[in-house]
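Single-structure report; data block below.
The values are calculated or read from the model by the stated rules, or taken from the named source; none is laboratory data. All figures in this text were calculated on a predicted structure; none of them were measured in a lab. Quick reminder, even Gly has a Cβ in these numbers, built from the backbone with ideal geometry, and neighbours come from all protein chains shown. Side chains are part of the model used for accessible areas, which takes the heavy atoms of the whole protein and leaves out ligands, DNA and RNA. Shrake-Rupley method; radii C 1.70, N 1.55, O 1.52, S 1.80 Å.
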Amino acid sequence: MNIIEITNLHKIYNESEVNVHAVNNVSLNFKEGEFAAIVGPSGSGKSTLLNMLGGLDEPTDGKILIDNTDLSELKSSDLIQFRMQNIGFVFQSYNLIPVLTAKENVEFIMHLQNRPKKECEKRTMELLDAVGLKGRENSRPSKLSGGQQQRVAVARALASKPKFVLADEPTANLDSKSTENLLEIMEDLNKKENITFIFSTHDQRVVNKAHRVITLEDGKIISDERKKGTGSDS
Amino acid sequence: MIRSVAWRNIWRSPLRSGIIIAAISVGMSAGVFTTTFTKGWMNQRLEAGVETEASHIRIQQPKFGENYDLKESIPNSESLVNEISKLDHINGISPRIVIQSMLASAETGTGVKIIGINPEKEKTVTNLHSKLSEGKYFEGVKRNPILIGAKLAKKLKVKMRSKVVITVQDASGNITGGAFRVCGIFDITSGMFEETNVFVRKTDLARLLDLESSVSHEILVHLDDTELIDQQSLLLKNKHKNLLVQTWKESMPELGYINEIGNLYTYIFVIIILLALGFGIVNTMLMVILERIKELGMLMAIGMSKARIFGMLMLETVLLTFTGGFTGILLGLGATYATMEKGIDLSDYAAGLEDMGYSSHIYPVVELETLVTIAILVLITGIAASVYPARKALKYNPAEAIRTE
């Protein structure tokens, strides 16, 4: 079952009176539980595509359906609500709230969803346990390593029980060990919670782990490969 | 949780927040202290004006105040005094003879208002008897005792028991004079009143003027409840339409405006301070937002609504302002309580104040109502100062904000 359907997507930026075609006629579908990487060189349109997929940027043309909801038809306030309920985000530079502890950072989004306090605490502890941060829940981001911060960010992305997680170059600032560790955690969560992960990356380690690799160049898809034996080859 | 985040956000940069909080504290403590100082100053003038000079209600013939004509006395004043004293809430009543005349010492002379009083009855309407710096209230001098103000004594170069001469035109139009001996010198905050008013016994003055001792030019009435002044005055006005019945606010209008002017002045002062601080707060919050664009972008991305982001930034600004404001109010109160008992002596710098009726030794006064108003003004400043930075924060596109370095 497709949870994301992208049809003829275009994004044109007007920079210094020159049109830049950042995403050029992209059509893609993502199924529930996919572990996919969008790769390509810098400026290939990976982040732009991810931003539009996350409802952070508007396409110039084309359509994005998420669980049969057309993002272009949502009002600004409904889009914010939609993002909160359906999409998890992991950013390159973690973007945790520095004044909150690891636990509070994960809880924050559930608080925005007005979930009961007990449920928030239970899910937070489960997620922090899943990302290997049990015992560090009261540490502030400044007391955590980059890898640990990104694991908190993954836990935060999953806290809202989203339909899919968009991770924009999540390993760009991490060393090899942390990258490997993070990818294992995300793959594990992908399997256990059946949550779709979509990465934008040019990190070969992420590409190696991904079950599906979509390659972009100059805003166009030049390949879309599903690896065999990963469950994404059907 | 947003409340907690807002509070913790303030302390991300302790130095920057500390500086703006300190600025607000200093400004507000100055504002509060100025308020309590001015309040005390005005209250002292008001108390002196009402309790020593005007009492609560004054009754005269309508034309008496124009030129203090001896003939403009209150008809049947004794029965009027009896009638009024039987009314409710009357604390005291004192009939007076009042003339404008010359008072001369061996050295010099000056024009003054000579007030003939019944010393015991006068005690019930003014506190003059408690304001003597020298001598005793109509004691120690058997014949023609006179109370004069400290300033006048200095001007006439007279001391206790010195002889002064009052020269007047009596009821028949003849120029006459009488020697009086100083039995007491009163010292009040109003130098002008001290210099232009003397008190003698009503019987002595009536004899000098060749008037019946029952004649009175004015009647002062003191009530047991200041809240009832307007009501009782209206009652007397309706009952005695041929007489001029005035409350202290009407007989001394400049006193009536003191409170309002004092409040207005202090509120304008506080508002100016807050306005200046408000710009500082806006600047600080704009810097805060500039530093947190990336984080605000993240919050928008993960689904924090614009209203919640606006609310969080507004709360941060209000908490920042209120922390400084509250500290400032406490500091201002501290300074007030530290000086409340002994007062602040400005006589070396502002001796001229007493000539205008204002004390140069000021005792600050705390009024809850004023403090609440200041606290509300601080809150309004916080809210007003938060609007522009918070609105600016909401204009960022989340995708662009997240990419900001």
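In chain A, the longest principal axis of the Cα atoms and the axis of helix A:102-112 are about 60 degrees apart. The simple spin-label model puts a point 7 Å past each Cα toward its Cβ; for B:Tyr337 and B:Ile272 those points are separated by 3.0 nm. Straightening the chain between A:Lys118 and A:Ser142 buys 6.0 nm, computed as 0.36 nm per residue apart minus the Cα-Cα spacing. Quick one: if you stick a label point 7 Å off each Cα along the C-beta vector at B:Asp230 and B:Asn76, how many nm between them? Rounded to a tenth, the inter-label distance reads 3.1 nm. Using a probe of 1.4 angstrom and keeping all protein chains present, the accessible surface of the protein assembly as shown works out to 46 square angstrom per residue.
Mean per-residue shielding of peptide A:182-190 is 0, counting Cβ atoms of other chains within 10 Å of each Cβ. If r is the Cβ-Cβ distance from B:Leu379 to A:Glu225 and R0 is 60 Å, what FRET efficiency results, to the nearest 0.05? Working from the Cβ atoms, E equals 0.50.
How much FRET efficiency would the formula 1/(1 + (r/R0)^6) give for A:Asn208 and A:Met1, where r is the Cβ-Cβ distance and R0 is 30 Å, rounded to 0.05? Efficiency computed from Cβ-Cβ geometry: 0.65. Annotation note: trypsin sites (Lys or Arg not before Pro) in the range B:284-390 located in DSSP loop regions with a Cβ neighbour count of at most 15 within 10 Å are B:Lys342. Against chain A, whose longest principal axis comes from its Cα atoms, helix A:146-159 is set at around 80 degrees. Here the accessible area of the range B:62-242 is 45 percent carbon and sulfur, with a 1.4 angstrom probe and all protein chains present. Computed from label points 7 Å out along Cα-Cβ, the spacing between A:Gln85 and B:Ser130 is 7.3 nm.
Compute and list, largest first, the equivalent-ellipsoid semi-axes of chain B from the alpha carbon gyration tensor, each √(5λ) rounded to a whole angstrom. Display every interim value, and only then the final one.
Working: eigenvalues 802, 101, 44 Å².
Values for chain B, descending: 63, 22, 15 Å.
For chain B, the longest principal axis of the Cα atoms and the long axis of helix B:306-340 meet at an angle of about 30 degrees.
Considering only chain A, what is the antiparallel percent among its DSSP beta bridges, to the nearest 5?
Working: 23 of 41 bridges.
Antiparallel bridges: around 55 percent, rounded to the nearest 5.
Looking at the range B:18-97, the trypsin sites (Lys or Arg not before Pro) that sit in a DSSP loop and have at most 15 other Cβ atoms within 10 Å of their own Cβ are B:Lys63, B:Lys71, B:Lys86.
Just tell me how shielded B:397-403 is by partners: mean number of partner chain Cβ atoms within 10 Å of each residue's Cβ, no decimals.
Counting other chains' Cβ atoms within 10 Å and averaging over B:397-403 gives 6.
Heavy-atom accessible surface of B:Met285, to the nearest 10 Å², is about 10 Å², with a 1.4 Å probe and all protein chains retained. In square nanometres, what is one fourth of the surface area of the convex hull spanned by the alpha carbons of the range B:110-239? Averaged projected hull area, Cα only: 9.2 nm².
Checking every one of the GluC sites (Glu not before Pro) in the range B:245-344 against DSSP loop status and a limit of 16 other Cβ atoms within 10 Å picks out B:Glu341. Residues of the range B:204-226 with amide nitrogen under 14 Å from the 7 Å Cα-to-Cβ point of B:Ala171? Answer for this model: B:204-217.
What FRET efficiency comes out for the pair B:Leu87/B:Arg308, r = Cβ-Cβ distance, R0 = 51 Å, nearest 0.05? So, using R0 = 51 Å, E works out to roughly 0.20. When accessible surface is computed with a 1.4 Å probe, chains B and A are found to bury approximately 2200 Å² between them, both chains counted. For the protein assembly as shown, the share of DSSP beta bridges that are antiparallel, to the nearest 5, is 70%. Measuring nothing but protein heavy atoms, the accessible surface of chain A at 1.4 Å probe radius is 43 percent carbon and sulfur. The mean number of Cβ atoms from other chains found within 10 Å of a Cβ in peptide A:91-100 is 5, as a whole number. Please give the calculated 222 nm ellipticity per residue for chain B, where each DSSP H segment of at least 4 residues contributes -39500 (n - 2.57) and the sum is spread over every residue; nearest 500 deg cm²/dmol? Here the helix-only value at 222 nm equals -17000 deg cm²/dmol.
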